[in-house]
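The values are calculated or read from the model by the stated rules, or taken from the named source; none is laboratory data. Just so you know, these numbers come straight off a predicted model, no measurement behind them. As a convention, Cβ positions derive from the backbone with ideal geometry for all residues, glycine included, and neighbour counts pool all protein chains shown. The accessibility values were calculated without ligands, DNA or RNA, using every heavy atom of the protein model including side chains. Shrake-Rupley method; radii C 1.70, N 1.55, O 1.52, S 1.80 Å.
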Amino acid sequence: MTFNILDRYIFKKFLSTFLFTLLIILMISVIIDFSEKIQIFLEEPITRKEIFLEYFPSFMLFISGMLWPLFTLIAVIFFTSRMAGNTEIMAMLSAGIPFKRLLRPYLYAAGLLTLIHLIGSHFILPWGQKHLMRITYKYIDKNEDKGKTKDVHLFIAPQTKVYVGYYRKPDSTARDFRIEQYKGQELVKLLKANNAAYQVKSGKWRLTEYQIRSFDGLKESFQFSNTEFIDTTLNLSPDDFVDFSGQQNMMTSPALLSFIALQKARGAGNVRKYTLEWNRRNAEPFTILILTLIGVSLAARKVRGGIGLHLAMGIGIGAVYILFSKFVKVFAMGNNLPALLAAWIPNIIFLLMALFIIRNAQK
C-alpha cells in the first residue's frame with residue numbers, strides 16, 4: 001500500500017493536533033494541581049528540585065497515561081470536524097475515495113500512538129508513577145500506607161507460613177514472630193521468637209529469645225535460648241508490610257509479573273489488583289484505535305454546530321468510556337469477573353459501537 005499525499009496530509013494533521021491537545025491539557029492540569037498544592041509545598045520541607053524535576057514531570061506522565069485515549073479522540077474530532085466544515089471530507093468522498101480508504105491514515109497514526117502508549121504503560125509510566133507516589137506519600141498523603149502491622153499471617157512458601165504479632169515499620173522489627181512448616185496437613189516444625197529484626201546488609205532476620213519444636217510422628221524435639229540469636233534467610237522483607245493503594249502502578253511490567261509469580265508461589269491470594277493491572281496495560285492502548293474510528297465517523301459528517309457539537313459528543317463518549325472502565329475494574333476486584341475479561345470488556349463494547357457508527361457514517 002502506498003502512502004500518498006492525502007495520507008501524509010491526514011497523518012500530519014492527526015499527530016500535530018494530538019500534540020497540541022496534549023500540551024494544552026497538560027499545562028492546564030499542572031496549573032490546577034500547583035494551585036491546589038502550593039500551600040503544602042510551602043509548609044513541607046520539600047525542595048524545588050523535588051517539585052519541578054520530580055513531582056511535576058511525573059505528574060504530567062500520569063495525566064498523559066490516564067487520558068491518552070481521550071486526547072486522541074479530541075484531536076481526531078477537532079481536525080476532522082474542521083476538514084468536514086471546509087468540505088474537504090465531502091470533496092474526498094465525491095472524488096471516489098471510499099470511506100474505509102479514508103480511514104487508513106487515521107489508523108496509521110493511531111497505531112503509532114497505540115505502540116507508544118503500550119511501551120509507556122509497561123515501562124515508562126510505572127517509573128513516573130513511582131517518583132510521583134514517593135513525593136505524594138512523603139509530603140502530601142502521609143497516611144496512604146495500608147499495609148498490616150498486627151496479626152499478620154503470610155505464606156512465604158506453599159508449605160511455610162509466618163505469623164507476626166506486631167511489626168514496627170520505622171526500624172523493621174517484630175514481636176511475637178512465628179514460623180510454621182508443614183508436610184501436607186501435618187505440622188513438622190515450629191519456630192517461635194519473642195523478637196525479630198531485619199538485617200539490611202545481609203537481608204536476614206535475626207531472631208532472639210527463640211524456641212524451636214520439631215515433630216516426627218509422636219516424637220518431639222525441643223530447643224530454646226534466651227541469650228543467643230539465630231540469623232535466618234526468609235522469603236520475607238520489610239516491603240511485604242507496605243501496601244499503598246496504587247502500589248501496582250509503580251511496578252514496571254517485568255517487576256509486576258515477578259511479584260505476581262512470587263505471591264502465587266507463596267500461596268498468597270492478594271494478587272487480584274496486580275493481575276488486573278497487568279491486563280489493563282495490555283488492553284488500554286488499543287482503546288486509541290477504537291476511539292479513533294468513533295471520532296472519524298462522528299466528525300466526518302458536516303452538521304449544524306460544527307466543531308462544538310462534535311467535541312461535545314466526543315468528550316461525552318470519552319467520559320462514558322472512562323467511567324465504564326472504572327466501574328468494570330471495581331466490579332472485577334470482587335472476583336466477579338476474570339481479570340482478562342474485565343480488562344477487555346470496555347474495548348469489546350466500544351468496538352461494536354465503532355463498527356455500528358462506521359456502518360452509518362457519511363459515505
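List the residue pairs whose Cβ atoms are under 9 Å apart, where the first residue sits in region 239-260 and is in contact (Cβ under 8 Å) with a residue 40 or more places away in the chain and over 21 Å from Lys204 (Cβ atoms), the second is open to solvent by 50 Å² or more (accessible area, probe 1.4 Å) and among the hydroxyl-bearing types (Ser, Thr, Tyr), and the two are 6 or more positions apart or on different chains. Listed by first residue and then by second, the contacts come to Met251/Ser258.
Residues checked against (1) in a helix (DSSP H, G or I); (2) more than 17 Å from Trp68 (Cα to Cα); (3) not hydrophobic (A, V, I, L, M, F, W, C):
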| position | (1), (2), (3) |
| --- | --- |
| Leu289 | yes, no, no |
| Ser297 | yes, yes, yes |
| Ile307 | yes, yes, no |
| Ala312 | yes, yes, no |
| Asn347 | yes, no, yes |
| Leu352 | yes, yes, no |
| Ala361 | no, yes, no |
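In the condition set (1) surrounded by 15 or more Cβ atoms within 10 Å (Cβ to Cβ); (2) modelled with pLDDT of 90 or more; (3) more than 19 Å from the chain's Cα centre (by Cα), Gln199 is compliant with all but (1).
Exactly one residue out of Met83, Met60 is out of contact with any Cys (no Cβ under 9 Å at 6 or more places or on another chain) and open to solvent by less than 50 Å² (accessible area, probe 1.4 Å), and it is Met83.
Confirm whether Gly308 is open to solvent by 40 Å² or more (accessible area, probe 1.4 Å) and more than 14 Å from Ile290 (Cα to Cα). When the stated conditions are applied, Gly308 passes them. For region 56-97, name all the residues that are in contact (Cβ under 8 Å) with a residue 40 or more places away in the chain and not in a helix (DSSP H, G or I). Hits for region 56-97 are Thr87, Ile97.
A single member of Arg175, Arg134, Arg168 is surrounded by fewer than 18 Cβ atoms within 10 Å (Cβ to Cβ), basic (Lys, Arg) and under 17 Å from the mean Cα position of the chain (by Cα), and it is Arg134.
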